[in-house]
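The values are calculated or read from the model by the stated rules, or taken from the named source; none is laboratory data. Note that this is a predicted model, so its numbers are computed, not measured. Here the Cβ positions follow ideal geometry from the backbone for every residue, glycine too, while neighbour counts run over all protein chains shown. Just so you know, the surface numbers come from the protein's heavy atoms only, side chains and all, with ligands and any DNA or RNA stripped out. Shrake-Rupley method; radii C 1.70, N 1.55, O 1.52, S 1.80 Å.
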Amino acid sequence: MDPICPSCGGPLRQIPEDQWPEGGPVPEGTVEMYLCDRTNHRIIVAVPEISG
């Protein structure tokens with residue numbers, strides 16, 4: 001199943017790590033990044049920080 005943008009329903013394509021924007025905004029713990037082909041939404045998948 002192809003990934004779908006949660007904001008607009010457009011198709012997402014994964015951006016390789018070597019093409020992530022230099023200098024951010026890439027949050028700490030980011031493991032994957034996707035770009036929506038329809039609207040240029042950027043979807044960031046990160047490991048959540050847990051505090052107790």
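Details
- Contact order normalised by residue count of the chain, Cα under 8 Å, 6+ apart, percent: 32
- Unmatched cysteines, the chain - criterion: no other Cβ of a Cys under 4.7 angstrom: C8
- Calculated accessible area for the chain comes out at 79 Å² per residue, all protein chains present (probe 1.4 Å; ligands, DNA, RNA ignored).
- Backbone phi angles across the stretch 37-50, fed through the Karplus curve with coefficients 6.51, -1.76 and 1.60 (θ = phi - 60°), yield HN-Hα couplings of 6, 7, 10, 6, 4, 10, 10, 10, 9, 9, 6, x, 7, 10 Hz in residue order; Gly and Pro are listed as x.
- Cα-based radius of gyration of the chain once divided by 2.2 N^0.38 Å, which approximates compact folds: 1.22
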